[in-house]
């Protein structure tokens, strides 16, 4: 990290803002620069002081940056990467925080300028909260950070060391496996949670039932972010959703037939699975 | 409560055991008697000391009891109620803790002996843990307790005062509304959680993703209890499950069509709903 002086952050929301605070905490010599697209977000970022510098000029933010962080929604990551290519210095390292990786990796590798390195990262510490005002310097501590780029490259090694300094545990995984695994463990649960909240009507009295609260907490997650995640991991998600609906149908049929023994057997099998999981 | 000296508890698991501890704490003059069906559970209940007395003879437990608590799975509540009829003293008050109420109320009202009162209760503080060894005296504190019997009867008034003394907030609700409401806020979430855990395979690496953990926590809930709840509230649950699958299908179609704008609109609407809920 001795060479890294300037870090550019594009997309200063909860994740990007927290990353700035964490970097400033652990690397006092680093200066974090954030890009604000609108006057409104510029004013907010100035006010909440999570960055060393806020600029509305993309060129100013990116030029001479040793490290560029794309803390943006999945589709926007690709759009902004293309936009900053002319400003990237040689030997700059770019990494993202996107929740699905295959599509990003494919698009970025097609237009990666010579000398610039891209490292795909996904720290598993998202929150249903969005907005830089919720930034906290310790959200990456004890989090797992998945890196989908080759562990052999020098840039990947640098990025790995940064995450480890922030307290994260780094795991290398291919982008294919990442997307398959995230589909089941995060994208499908979000889709389920959204759907359960959607079906809530005024007929259901409002009591605090912990089970319902647990299942619907993440349905507060931001719409544009999640629409893009769903579409960028479409193949895996549709397969998982289909299998999930088959299991619901299995329960439905057993309930219709009043087949108590088979329902008990099925839940017992699930209980055992859950014990291994927790 | 001045008249209540002996309380009989049938079904000493997590809920029944905790009720015994809570009653002994708040009503020191009351003696709690628990029924153990097997030698094994008799030995366990003796060892963990959550009750004043443990008996394997149902008659001994129930005779002369002022209050009889049926802390059993839904279907078993009806079976045991019929079995204890000959032992119930005149003016005994019987209440249950079942998670669905319509079927129990209907069956018990058909065979209720003269002088005996039945009060349907459902304290909303269940847990995925089962077993009397997890009993805690404070689980009913600050919990909501739904009572589905008429608030006008003297027995209901007594039972209400007991719950309030244990720190619960009592709400009166008809058994029909109770079952409709519980179907959506508890029974469907459990069915969803079981199904999500069922689909987990070894292909999915094991990381600690909070969203997945939240959605699968309750899939540890006991099989026989939940099979009976599902069947005893079949009508409401099948309707809710069907509607839920329609919403999943809606998401599926929008994802298939890459209709980002409509997905964003749908999630935004859901975000607003969730804000009102939490």
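Here, each number is a calculation from the coordinates, and none is a lab measurement. As the structure is a prediction and not an experimental result, all values here were calculated from the model. Cβ: placed from backbone, ideal geometry, glycine included. Neighbour counts: every protein chain shown.
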For A:276, B:14, order by how many other beta-carbon atoms lie within 10 Å, fewest first: A:276, B:14
Nm distances between copies for residue A:133, ranked from closest, using label points 7 Å along Cα→Cβ: 4.9
Copies compared at residue A:268 - label distances in nm, ascending, label defined 7 Å from Cα in the Cβ direction: 5.1
Crossing angle, helix B:188-198 versus chain B [Cα axis fit, 0-90 degrees, rounded to tens]: 70
Order of A:247, A:267, A:85, A:104 under a 10 Å beta carbon neighbour criterion, fewest first: A:85, A:247, A:104, A:267
Average partner coverage of A:245-256, which counts Cβ from other chains inside 10 Å: 5
For chain B, share of DSSP beta bridges that run antiparallel, in % to the nearest 5: 10
Between 0 and 90°, nearest 10: helix B:39-48 axis offset from chain B longest Cα axis: 90
Relative contact order of the range A:177-277, pairs being alpha-carbon contacts under 8 Å that are 6 or more residues apart, as %: 33
Inter-chain Cβ neighbour average for residues A:225-233, partner chain, 10 Å: 4
FRET efficiency, residue B:79 to residue B:213 (Cβ-Cβ, R0 41 Å, nearest 0.05): 0.70
Cβ-based exposure ranking for B:144, B:197, B:272, in which fewest neighbours within 10 Å come first: B:272, B:144, B:197
Fraction of beta bridges assigned by DSSP in the protein assembly as shown that are antiparallel (%, nearest 5): 10
Between helix B:234-256 and chain B: long-axis angle, C-alpha atoms, 0 to 90°, nearest 10: 20
Inter-copy label distances at residue B:64 (7 Å, Cα→Cβ; nm, one decimal): 9.2
Whole-number percent relative contact order across chain A, with pairs defined as alpha carbons under 8 Å at least 6 apart: 17
Residue A:60 versus residue A:165: modelled label distance in nm, points set 7 Å from Cα along the beta carbon direction: 2.6
Three-way shape call for the range B:6-173 based on the alpha-carbon gyration tensor, with the a/c threshold at 1.5: rounded
For the range B:140-195: rounded, prolate or oblate by the Cα gyration tensor [a/c cutoff 1.5]: oblate
Overall form of the range B:177-277 per C-alpha gyration tensor (a/c, 1.5; a/b vs b/c): oblate
